[in-house]
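Chemist: Take this structure, written in structure tokens, and hold onto it; I'll ask about it next.
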Amino acid sequence: MRGTEMTVASVSKLRASLSEFLRRVKAGEEILVTERGRVIARLSPPASFVSLTESLREMEGQGLVKVGTGKLPKNFWRMRRPKDPKGLVMKGMLEERGGQRLGRGKPRTGSSSGNRAK
């Protein structure tokens with residue numbers, strides 16, 4: 001497996017920590033399941049599953065990042081935004097985008113807004 005050690009877990013250990021092992025499989029890790037010291041199964045993400053890069057997996061293992069599920073809470077867009085009185089988030093975003101602001105100010109080309117039949 002790409003030069004990394006594969007995790008091995010007994011059936012009893014797997015039962016006790018199933019959520020944790022499934023989280024690791026979602027992150028792209030393969031887990032061998034053993035019974036009385038003999039491998040009986042392998043847990044792995046589906047073939048079409050895009051696995052995380054090795055560095056991201058390492059950072060998750062160290063507790064530096066938390067990989068999301070890809071689902072937002074139902075009320076996400078109605079939630080209050082955190083306060084940023086110094087505008088640090090906007091400064092960082094503009095720096096990352098090379099100073100371009102998207103979504104406000106300039107109309108986008110190819111937009112269908114305003115072209116609706118009445």
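Chemist: Criterion first (modelled with pLDDT of 80 or more, within 18 Å of the chain's Cα centre (by Cα) and surrounded by 13 or more Cβ atoms within 10 Å (Cβ to Cβ)) does VAL25 satisfy it?
Modeler: Judged against the criteria, VAL25 is a match.
Chemist: Could you grab the pairs with beta carbons closer than 9 Å, sequence gap of 6+ or different chains, first residue in region 50-79 and under 15 Å from GLY28 (Cα atoms), second one among the β-branched types (Val, Ile, Thr) and at pLDDT 75 or above?
Modeler: Close Cβ pairs (under 9 Å, with a partner that is among the β-branched types (Val, Ile, Thr) and at pLDDT 75 or above) amount to LEU52/VAL67; LEU56/VAL65; LEU56/VAL67; ARG57/VAL67; MET59/VAL65; GLU60/VAL67.
Residues checked against (1) modelled with pLDDT of 85 or more; (2) loosely packed, with under 10 Cβ neighbours inside 10 Å:
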site	(1), (2)
LYS13	yes, no
GLU30	yes, no
GLU54	no, no
ASN75	yes, yes
VAL89	yes, no
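Chemist: Within region 91-110, restricting attention to residues that are among the basic types (Lys, Arg) and surrounded by 10 or more Cβ atoms within 10 Å (Cβ to Cβ), which residue is modelled with the highest pLDDT?
Modeler: LYS91
The values are calculated or read from the model by the stated rules, or taken from the named source; none is laboratory data. No experiment lies behind these values; they were computed from the predicted model shown. Ideal geometry is used to build each Cβ from the backbone, glycine not excepted, and the neighbour counts take in all protein chains shown.
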